[in-house]
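Data block below; observations after.
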C-alpha cells in the first residue's frame, strides 16, 4: 500500500512536471501571460485532473485529500503563485461541494467562481460579497442570506446575476479575477439555483473557508520557498567588500531566518490539512501567509535595487504574498473568527 508520504511525492512530481511544461514558459520571462494562456493552462490542468485531486474515487477523483491538494498547490506555487491558486481554488471548491452536496457543481471546463463575504462568526454573510475566480460564461457559487436572514447558497451563471460584478485591478494573483458583488436581500432566485439553505449552507460555508484557507497557506509556503531560493542564489554569487555577500554575518542570519520560516511553513500546512478543522486552517493561513510576506520582503531587500525589477520576478512574489494575506479573508478577520469560535466554546 502506498504511504501518505509516497502519495505526496507522486503529487509533487506530477506538479513539478506540469509546471515545467505548461507554466514556466509563460512566467519566465515575467509578463508573458494572458487570457488565452490562462485558458490553455487551465484546460491542461483539467486533463491532468487537478480539479479532482481532493475528490474520492466514487466522485471521479484520485481518492486523495487536502494534504495532497496542499502539496500540489505548494509545488505549483514555486513556479507561479497565481496559477497555483487558480487550480487550488477550483479543487478546494469542488472538494467542499462533493463533501456536502455531491450532486452540485459537477460541471467542468470553466473555473468555478466564488462569491463569499468576510465573516466574524460562522453564520456571517456580508451584503457586499468578495468575488474571485469567475470568468465570462462560467458559474458562480454565491453564499449569502435570503430576505428572512437565513443562510443560502446558490449556483448561478454569471449572466444570471441581477447586479453585475464590479471588477478590480488586483495587486497580485491576477489570474483569480477579483471583484465585488452587491447581494440584494430580497432579490428573487429560482428554486433550481438554490443548492443549500440554513444549517447545511452554514456547514458548506465553513468547509469552503477551511479549504480555501489551507490552499492559501499552501501557496504561501511554496511562494516563500521560491523567494528564499532566489535570494540564496543571488547572495551566493554577488560580491561586495571582496567576498560573497552570503559570507556577511548579518545577511547569513537573515537567510537562516528565511529558511527556518520556509521549513516551518510546509509542516504547518500539512498538519492543518490533515486536521481539516476551520480553526486549524485559519490559524495556519494566518501564520504561513504572514511568514511569506516577511520572507518575500527580505528576498527583495537582499537583491537591493534588482529586487524591484520585473526581470528578477521577486516584486511579483511580494505582491502575491500580500494578496495571500487577504485571501479568502483577511488575516484580521480570520483572527476575529478564531476568537469568536473560542468564545462560543466557553459559553
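Read-outs: derived from the displayed coordinates by stated rules, not from any lab. Note that this is a predicted model, so its numbers are computed, not measured. Using ideal geometry, Cβ is built from the backbone for each residue, glycine included, and neighbour counts are taken over all protein chains shown.
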- Go from 0 up to the bin containing the longest alpha carbon distance in region 150-226, width 10 Å each, and give me the % of pairs per bin. 15, 34, 35, 14, 2
- Query: Three principal axis extents, largest first, for the C-alpha atoms of the chain, in Å?
  - Reply: 72, 48, 48
- Item | Size of region 209-346 as Cα extents on the principal axes (Å, biggest first) | 61, 26, 21
- Note on the structure: Log10 I(q)/I(0) at q = 0.18, 0.21, 0.24 Å⁻¹ for region 4-100, from Debye over equal alpha-carbon scatterers, is -0.76, -1.01, -1.26
- Message: Antiparallel versus total DSSP beta bridges in the chain: what percent is that, nearest 5?
- Response: 90 percent
- Task: Write down, largest first, the equivalent ellipsoid semi-axes of region 128-282 in whole Å, where each equals the square root of 5 times an eigenvalue of the alpha-carbon gyration tensor.
- Result: 44, 19, 10
- Message: If I model a spin label as a point 7 Å beyond the Cα along the Cα-Cβ vector, how far apart are those points for residue 171 and residue 267 in nm?
- Response: 3.0 nm
- Message: What is the angle, in °, between the Cα long axis of helix 35-48 and the longest principal axis of the Cα atoms in the chain? Nearest 10 is fine, range 0 to 90.
- Response: 80 degrees
- Query: Mind ordering 14-26, 279-291, 246-258 by average Cβ neighbours within 10 Å, highest first?
  - Reply: 279-291, 14-26, 246-258
- The helix 66-77 Cα axis meets the longest alpha-carbon principal axis of the chain at an angle in degrees, between 0 and 90 and rounded to 10, of 50 degrees
- Sketch the reach of a paramagnetic label on residue 5 as a point 7 Å from Cα along Cα-to-Cβ, and name the residues of region 264-281 whose backbone nitrogen lies under 20 Å away. 264-275
- Using alpha-carbon coordinates, inclination of helix 81-100 to the longest axis of the chain, degrees: 30 degrees
- Query: Residue separation times 0.36 nm, minus the C-alpha to C-alpha distance between residue 239 and residue 57: what's the value?
  - Reply: 60.1 nm
